[in-house]
Amino acid sequence: MKDQLLKKINNRTARVGVVGLGYVGLPLVVEFAKAGFTVVGYDVSQRVVDYLKSGKSHILDVSSEDIAKIVKSGHFVPTTDEAALGTVDAISIAVPTPLVKTRDPDMSYVLAAGDAIARHCHPGMLIVLESTTYPGTTRELMQPRLEGRGLTVGKDVFLAFSPERVDPGNEKYNTKNTPKVVGGITAACTEVAAALYQSCIDTIVPVSTTETAELVKLLENTFRSVNIGLVNEMAIVCDKLGVNVWDVINAAATKPFGYMKFTPGPGIGGHCIPLDPHYLAWKMRSLNYKTRFIDLASEINSAMPDYVVEKVGTALNKQKKAINGSRILVLGVAYKKDIDDMRESPALDVIRLLEERGAEVTYHDPFVAVLREGGHERKSEALTDAALKAADAVVIVTDHSGVDYQRVVDCASVVVDSRNATARTRSGRAHIVSL
Ligand SMILES: NC(=O)c1ccc[n+]([C@@H]2O[C@H](COP(=O)([O-])OP(=O)(O)OC[C@H]3O[C@@H](n4cnc5c(N)ncnc54)[C@H](O)[C@@H]3O)[C@@H](O)[C@H]2O)c1
């Protein structure tokens with residue numbers, strides 16, 4: 001089985017399936033198709049599939065031109081028909097792994113995908129889970145589903161975990177040139193999975209087990225969460241000491257070894273850093289171990305929107321104004337600059353907290369035309385001189401590159417800058433409060 005599958009992968013006659021066509025799945029489809037495979041893209045969303053079938057991309061990092069080309073050439077077949085999974089030789093799973101309200105893992109998407117694959121799996125198939133998850137998921141949830149069909153993993157079918165490292169908006173590192181970690185249930189599983197990814201990704205990093213591969217991703221994102229928590233705390237420390245935190249960080253970053261630059265901000269967002277460490281914390285709780293670094297970083301990071309709002313209150317107070325009744329323009333709502341991803345964006349908390357205190361909030365974001373939250377829909381305001389002048393305070397939550405920050409400080413009366421976006425502006429009319 002292994003040799004047959006390797007041969008099909010190597011001569012590109014293997015049909016590849018990608019389950020979940022979002023931020024992770026779609027770039028992967030493009031790479032597999034470019035490598036010469038025919039790719040079946042399975043998604044439960046009819047809307048996503050119809051959009052892709054019409055040759056358009058719903059993911060910023062993937063061009064519609066690329067999608068149109070591979071759909072037209074027949075290298076990409078988007079479908080909502082799970083039976084199509086029975087026609088493929090290798091499957092990558094990239095479905096969401098969110099948290100439930102209690103911050104425990106929501107495995108429902110992975111389980112649904114696992115069940116769909118189990119219904120259509122056949123001997124000689126490779127299945128790779130890419131969704132970020134707790135260590136043990138591939139062995140405990142995926143393997144029994146395949147073996148329940150009478151297939152032995154490592155002999156009849158091959159099962160591995162390979163974390164996705166996509167960084168939306170990153171112009172230097174993409175799916176192809178970011179090294180990919182692969183760990184299989186058996187050595188044969190690792191070998192086949194590595195062969196598949198080798199066809200379209202420059203560097204493959206094989207590891208010994210699926211648990212190792214699962215933990216690699218959690219270490220990477222916990223590392224980010226903890227270090228962001230550290231600099232966020234440093235911002236609070238510097239504020240109390242009357243020292244500019246950005247000067248401290250930029251000077252520290254001149255050390256050529258032993259230091260890595262992280263920057264403070266209004267909180268963390270996206271589908272990874274605010275969520276992934278909780279997968280590990282949850283798993284460890286089940287083993288009676290408390291992950292203190294994860295918990296502490298989460299506590300500090302999730303309090304940052306309150307901290308920003310406190311700064312807005314203090315800045316308005318200096319103008320003899322209250323948050324209550326003030327017009328506040330939130331500048332940037334995506335979770336990080338130059339992308340349109342709103343998932344877990346701290347801007348949502350900042351807006352909610354300001355409105356709870358009675359502010360009239362509007363926003364501008366060149367990437368997010370409409371903001372839907374809690375059944376409420378609002379539209380991005382044009383960033384005109386008049387809009388800036390009319391606001392009692394402008395709060396920079398996301399530092400999109402295309403915004404003219406000089407104009408912001410020239411027109412606004414108060415600017416609360418949580419990203420150091422105004423660092424290079426000349427002094428203008430605005431009273432600027434930095435984090
Ligand atoms: N977005 C990122 O930057 C990023 C980076 C690294 C890892 N990840 C991880 O990758 C995984 C996927 O994240 P994403 O950002 O691509 O999510 P996404 O929400 O952009 O896309 C997921 C897609 O899966 C589809 N889907 C849901 N259930 C399905 C099912 N049972 N069968 C088929 N399709 C189904 C959804 O309709 C959606 O189109 C998550 O585990 C995430 O943590 C994300």
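The values are calculated or read from the model by the stated rules, or taken from the named source; none is laboratory data. In this text, all values refer to a predicted model and were calculated from it rather than measured experimentally. For neighbour counting, all protein chains shown are included, and Cβ atoms are generated from backbone atoms with ideal geometry for every residue, glycine included. Heavy atoms of the whole protein, side chains included, go into the accessibility calculation; ligands, DNA and RNA do not. Shrake-Rupley method; radii C 1.70, N 1.55, O 1.52, S 1.80 Å.
Take the alpha carbon atoms of segment 315-332, find their center, do the same for segment 387-427, and report the distance between the two centers in whole angstrom.
Centre-to-centre (Cα) distance: 14 Å.
Using a probe of 1.4 angstrom, how much of the accessible area of the chain is carbon and sulfur, in percent?
Exposed carbon and sulfur together represent 53 percent of the surface.
Setting aside same-chain residues fewer than 8 positions from LYS72, which aspartates and glutamates have a Cα under 12 Å from its Cα?
Within the straight-line cut-off, LYS72 pairs with nothing.
Please state the charge dipole magnitude for segment 160-260, taken about the Cα centre, from unit charges on C-beta atoms (+1 on K and R, -1 on D and E), reported in debye and rounded to the nearest 20.
Computed charge dipole of segment 160-260: roughly 140 debye.
So how far, in whole Å, is the C-alpha centre of segment 1-73 from the one of segment 207-233?
Their Cα centres are 28 Å away from one another.
Based on the Cβ-Cβ distance of LYS72 and LYS7, what FRET efficiency does E = 1/(1 + (r/R0)^6) give at R0 = 22 Å, to the nearest 0.05?
That gives a FRET efficiency of 0.20.
Over 18 Å between C-alpha atoms is what I'm after, so list which of LYS2/LYS155; LYS217/LYS283; LYS261/LYS336; LYS240/LYS261; LYS2/LYS180; LYS2/LYS34 land there.
Correct reply: LYS240/LYS261; LYS2/LYS180; LYS2/LYS34.
Taking the Cα centre of the chain as origin, sum charge times position over the Cβ atoms of Lys and Arg (+1) and Asp and Glu (-1), and report the length of that vector in debye to the nearest 20.
Using Cβ point charges on Lys, Arg, Asp and Glu, the chain gives about 380 debye.
Starting from the Kirkwood radius over alpha-carbon pairs of segment 196-236, derive D by Stokes-Einstein at 20 °C in a medium of 1.002 mPa s and give it in µm² s⁻¹.
Reported coefficient: 171 µm²/s.
Please give the calculated 222 nm ellipticity per residue for the chain, where each DSSP H segment of at least 4 residues contributes -39500 (n - 2.57) and the sum is spread over every residue; nearest 500 deg cm²/dmol?
Calculated from helices alone, the mean residue ellipticity at 222 nm is -11500 deg cm²/dmol.
Show me 76-85, 424-433 ranked by packing, highest mean number of other Cβ atoms within 10 Å first.
Top to bottom by mean Cβ count within 10 Å: 76-85, 424-433.
Please give the peptides 335-344, 260-269 ranked by average Cβ packing (other Cβ atoms within 10 Å per residue), highest first, as a rough proxy for protection.
260-269, 335-344
What ratio of Cα Rg to 2.2 N^0.38 Å holds for the chain?
1.07
Sorted by packing (mean other beta-carbon atoms within 10 Å per residue), highest first, where do 19-25, 58-64, 100-106 land?
The peptides rank, most packed first, as 19-25, 58-64, 100-106.
Across segment 242-254, in residue order, what do the Karplus-derived ³J(HN,Hα) couplings come to in whole Hz, using 6.51 cos²θ - 1.76 cosθ + 1.60 with θ = phi - 60° and x for Gly and Pro?
So the J values, rounded to whole Hz, are x, 10, 7, 5, 5, 5, 5, 5, 5, 6, 4, 6, 7.
Which ³J(HN,Hα) values in Hz, rounded to whole numbers, follow from the phi angles of segment 168-184 under the Karplus curve 6.51 cos²θ - 1.76 cosθ + 1.60, where θ = phi - 60° and Gly and Pro get x?
x, x, 6, 7, 8, 10, 10, 3, 5, 9, 9, x, 10, 7, 9, x, x
I'd like the Karplus ³J(HN,Hα) series for segment 61-69: coefficients 6.51, -1.76, 1.60, θ = phi - 60°, whole numbers in Hz, and an x wherever there's a Gly or Pro.
Along segment 61-69, the couplings run 6, 10, 7, 4, 4, 4, 5, 4, 5 Hz.
THR38's amide H: which non-local residues (gap 5+, or another chain) put their own amide H closer than 5 Å, with H modeled 1.01 Å from N in plane and none for Pro or chain starts?
VAL16
Which residues does a label at SER208 reach in segment 114-154, if reach means a backbone N under 19 Å from a point 7 Å past the Cα toward the Cβ?
135-140
Per residue, how large is the accessible surface of segment 19-134? Use a 1.4 angstrom probe and give square angstrom.
Accessible area per residue, segment 19-134: 39 Å².
For a quick check: with amide H placed at 1.01 Å from N, whose amide H comes under 5 Å from ASN420's, ignoring anything fewer than 5 positions away on the same chain?
LEU435
Residues of segment 328-418: accessible area per residue at 1.4 Å, in Å²?
39 Å²
Percent antiparallel among DSSP beta bridges with both residues in the chain, to the nearest 5?
Roughly 15 percent of the DSSP beta bridges within the chain come out antiparallel.
Starting from the exponent 0.38 and prefactor 2.2 Å, build the expected Rg for segment 250-328 from its residue count and divide its actual Cα Rg by it.
1.56
If a/c stays under 1.5 just call it rounded; otherwise compare a/b with b/c (prolate if a/b is bigger, oblate if not). Do that for segment 1-158, with a ≥ b ≥ c from the square roots of the Cα gyration tensor eigenvalues.
Oblate, since a/c reaches 1.5 and b/c is not below a/b.
Using only the Cα atoms of segment 349-419, build the gyration tensor, take square roots of its eigenvalues as a ≥ b ≥ c, and label the shape rounded, prolate or oblate: rounded if a/c is under 1.5, else prolate if a/b is larger than b/c, else oblate.
Note, shape of segment 349-419 comes out prolate.
Between VAL330 and residues 5 or more places away or on another chain, which pairs have amide H atoms under 5 Å apart, with H built 1.01 Å from N, and which residues are they?
It is THR362, TYR363, HIS364, VAL395, by chain and number.
At 7 Å along the Cα-to-beta-carbon direction for both ASN317 and HIS376, put a label point, then send me their distance in nm to one decimal.
Using points 7 Å along Cα→Cβ, the separation is 2.4 nm.
Viscosity 0.692 mPa s, temperature 37 °C: what is the translational diffusion coefficient of segment 85-236 from Stokes-Einstein with a Kirkwood Rh over Cα pairs, rounded to a whole number of µm²/s?
202 µm²/s
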